[in-house]
Amino acid sequence: MKKLRITWLCLILAGILLGVSSCSNDAEELQGKLVITFAKPTKGLKVAICSMENTKYPILVESPNVNGVLKVSLNIGNYYIKPSDDSSDMYSDIGIQVRPDKTTTVTYGESRQVIGRE
């Protein structure tokens, strides 16, 4: 009878150990990346990133680097991208979706229009 108790106790402890050790850090990443590339960035170029629910007030305003590339980490969700510069040249606005642990890429051509989106 004592052997049976010890066996059951060992089985229960082994089950608890396996249950605890099998827990892994599978938490879903809640951020994604946005990469915006400009073929010919203009002087004073700034990119306003707005929530799709409120496109009047940007949550982030950044300038691309000297190569015309802007890289930003954002929470998952839908965003509205509004580039603008010091001149009257107009860039086209675009809506994008940032997905968990993925990179969303937007490319603006020389005509300041979106020529690619992934």
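Coordinate-derived values only; no laboratory data. Because the structure is a prediction, the values reported are computed rather than measured. Please note: Cβ atoms are built from the backbone with ideal geometry, for glycine as well, and neighbour counts cover all protein chains shown.
Close amide H partners of Leu45, meaning residues 5 or more places away or on another chain with modelled amide H under 5 Å apart, are Asp86. Counting charges near Glu62 (Lys, Arg +1; Asp, Glu -1) among other residues having Cβ under 10 Å from its Cβ returns a value of +2. With contacts taken as Cα pairs under 8 Å and at least 6 residues apart, region 31-115 reaches a relative contact order of 40 percent. Dipole magnitude for region 31-115: about 160 debye, using +1 per Lys or Arg Cβ and -1 per Asp or Glu Cβ, origin at the Cα centre. For the chain, the residue among Ser111, Gly68, Ala14 whose Cα projects farthest onto the positive side of the dipole built from Cβ charges is Ala14. Computed from backbone phi with θ = phi - 60° and the Karplus coefficients 6.51, -1.76 and 1.60, the 3J(HN,Hα) list for region 30-41 is 9, 10, x, 10, 10, 10, 10, 10, 10, 5, 9, x Hz; x is used for glycine and proline.
Angle of helix 2-21 to the longest C-alpha principal axis of the chain, folded into 0 to 90 degrees and rounded to 10: 0°. Of the options [x] 15.1; [y] 17.2; [z] 15.4, only one is Kirkwood radius over Cα pairs in Å as computed from these coordinates, and that is [y].
With θ taken as phi - 60° and the Karplus curve 6.51 cos²θ - 1.76 cosθ + 1.60 applied, the whole-hertz 3J(HN,Hα) list for region 102-118 is 10, 10, 9, 10, 10, 10, 9, x, 5, 7, 6, 9, 5, 10, x, 8, 10 Hz, x standing for glycine and proline.
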